Structures are given as structure tokens and as C-alpha cells.
């Protein structure tokens with residue numbers, strides 16, 4: 001082979017490495033950086049029509065609930081040792097329920113709406129301070145938004161489009177069960193669909209199947225099935241959009257007026273989340289983190 005031919009062959013091998021046929025993998029890990037400022041919102045809603053039968057009497061009613069939060073976060077500290085400090089302002093924080101008799105919505109506004117809080121996390125232990133006055137009472141803190149945390153759904157290893165896995169998302173399941181008033185045994189399956197570009201961002205599109213089941217009020221078995229898309233920004237390292245829908249079913253028996261009551265209900269469930277960066281100062285590199 002001539003020297004020119006050998007050069008051409010080596011150039012071709014460099015342009016097409018031996019592993020070129022292998023799917024490219026991506027690290028799906030949620031990270032925060034000091035200096036980030038973003039606006040996020042979560043809305044969880046459900047509407048369940050329930051029938052109660054007791055003897056020859058039948059009663060039907062519909063329970064409709066929507067829980068909404070919108071907040072602005074400023075990341076003060078994001079250390080590699082798991083320490084995280086966030087300054088958060090709740091812009092909207094309320095629960096809306098429809099009155100069965102009048103059909104009018106009644107709104108419960110959390111006392112945290114419009115307030116600033118400091119969230120400190122150390123290896124998943126989270127404390128919330130209000131106006132620098134110490135840890136907020138747990139009952140008040142529970143009204144401080146759903147704090148839907150999608151970190152649990154991501155695997156340790158890098159993944160490629162087409163890969164599937166199951167996630168141990170118990171923390172996410174507990175939070176969702178509290179706001180959907182349902183069981184909290186969680187099972188989540190994820191499929192890495194594709195990489196797409198939108199508004200200049202590289203997004204990993206994940207399809208998520210989520211199951212929550214267990215007892216409600218110690219007498220009623222509940223099951224929530226949700227499925228839909230979760231979008232992970234590969235440059236921001238955050239989940240930026242969630243759009244999931246499904247159903248909730250309720251069933252069981254209670255005792256009232258000396259006779260058993262048979263309860264059965266079903267209805268739609270919706271979960272939507274968005275996150276937008278409103279300002280991003282010079283990103284702190286991993287080496288500069290504390």
C-alpha cells in the first residue's frame with residue numbers, strides 16, 4: 001500500500017471509531033449550582049366520583065381537588081458533600097376544592113404564600129426556616145408546596161435512548177400520596193425515549209409509568225396510575241417539564257349506623273410541573289463547589 005493510501009485509511013479510521021455503532025450514553029443526574037435562579041410550578045389535581053351503598057340506599061358524590069404552587073428559588077449554596085441552601089419565595093400556594101352542594105370552588109391559601117423561606121438540605125434531610133426564626137412547624141411546612149423531587153427516578157449509570165429501568169422513588173411517592181390523599185406504595189418504570197432540541201436546549205425525553213397504592217383512612221384501598229412525559233435538560237441538569245395523566249380508584253367498606261357501607265369510586269388524575277431559569281449567573285464549576 002502506498003503512503004498516500006495508508007494515510008487515507010488511517011484518516012478514515014479516525015473519523016469512524018470502532019465503537020461508532022454503539023449508542024451514546026447520557027448521565028441523568030439532577031444538580032444545582034450556586035447562583036442559579038429559577039421559577040417553578042407544580043399542579044396536582046384529581047376528581048373522583050364515589051358511590052356509597054348501605055342496604056337499599058345509594059349515595060353518589062364527587063370530590064375534586066387541585067393543589068398548586070409557584071415559587072422562585074435562588075440557590076445560595078450547592079456543595080458536593082450534599083449540603084444545599086436555597087432562598088425561596090412562594091408566589092402562589094393554595095388548594096382548591098369544589099363544594100359538592102353549591103358547585104362553587106373553595107380555596108385554601110397557605111400561610112406561606114407570599115413569604116420567603118430558607119431551605120437547607122444535608123443529604124436529603126431538609127429544614128425550612130421562615131424569616132430566620134428557626135425551623136417551621138411541620139404542619140405549616142407541609143402546606144409549603146409539594147416539593148416534587150425527581151432525583152429519585154434517575155439511575156446511577158449513564159443511559160442511552162431506548163434504555164429502561166425501575167426506580168426506587170419512595171420520597172417522591174410519599175409526597176405525591178400526601179397531596180393525592182392515597183396510598184404510598186410506589187412503583188415507577190422509566191423508558192429513555194429520545195434526545196430532542198427545543199428552544200436551544202438539549203432535552204432527554206423520558207416516559208414514566210407510576211403506580212401508587214395502599215390504604216386511605218385505614219378502610220379504603222386506593223390506587224393511582226399515572227403515565228406521561230418527563231423532560232430532563234442535559235445542560236441545566238434539571239427536570240424542566242412534567243406532563244402526566246391517569247386515574248385514581250377507591251374501594252372498600254366501612255361501618256356506619258350499625259351496617260356496612262360499600263365504597264367504590266374512580267376518576268381522573270393530572271400532574272404537571274414546569275421549571276424555567278429566570279437568570280443564571282456564571283455557573284460554578286464542580287471544582288469550585290464547597
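Can you confirm whether the range 184-191 contains a residue that is out of contact with any helix residue (DSSP H, G or I) (no Cβ under 9 Å at 6 or more places or on another chain) and closer than 20 Å to residue 217 by Cα?
Of all residues in the range 184-191, those out of contact with any helix residue (DSSP H, G or I) (no Cβ under 9 Å at 6 or more places or on another chain) come to 189, 191.
Of the ones still in play, those that are also closer than 20 Å to residue 217 by Cα are none.
No, because not a single residue in the range 184-191 is out of contact with any helix residue (DSSP H, G or I) (no Cβ under 9 Å at 6 or more places or on another chain) and closer than 20 Å to residue 217 by Cα.
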Here are the criteria: (1) surrounded by 13 or more Cβ atoms within 10 Å (Cβ to Cβ); (2) modelled with pLDDT of 85 or more; (3) touching a strand residue (DSSP E or B) at 6+ places or on another chain (Cβ under 6 Å). Tell me which single one residue 27 does not satisfy.
(3)
Reported set for the range 166-187 where residues are in contact (Cβ under 8 Å) with a residue 24 or more places away in the chain and over 17 Å from residue 269 (Cβ atoms) is 166, 171
Is it the case that residue 67 is part of a strand (DSSP E or B) and surrounded by 15 or more Cβ atoms within 10 Å (Cβ to Cβ)?
yes
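Run down 134, 162 and say which single residue is at pLDDT 85 or above, over 17 Å from residue 42 (Cβ atoms) and surrounded by fewer than 15 Cβ atoms within 10 Å (Cβ to Cβ). Step through it out loud before you land on a result.
Working: 134 fails: at pLDDT 85 or above.
Going through 134, 162 in turn, the sole match is 162.
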Does residue 47 fit the bill of being under 27 Å from residue 269 (Cα atoms) and modelled with pLDDT of 90 or more?
yes
Qualifying residue in the range 139-154 (condition: over 23 Å from residue 67 (Cβ atoms) and either surrounded by 14 or more Cβ atoms within 10 Å (Cβ to Cβ) or modelled with pLDDT of 80 or more (or both))
yes
Being modelled with pLDDT of 95 or more, part of a strand (DSSP E or B), surrounded by 19 or more Cβ atoms within 10 Å (Cβ to Cβ) and more than 13 Å from the chain's Cα centre (by Cα): is that true of residue 250 here?
no
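The values are calculated or read from the model by the stated rules, or taken from the named source; none is laboratory data. Worth saying up front: this structure is predicted, and the values here are computed from it rather than measured. Neighbour counts are summed over all protein chains in view; Cβ atoms, including those assigned to glycine, are modelled from backbone coordinates with ideal geometry.
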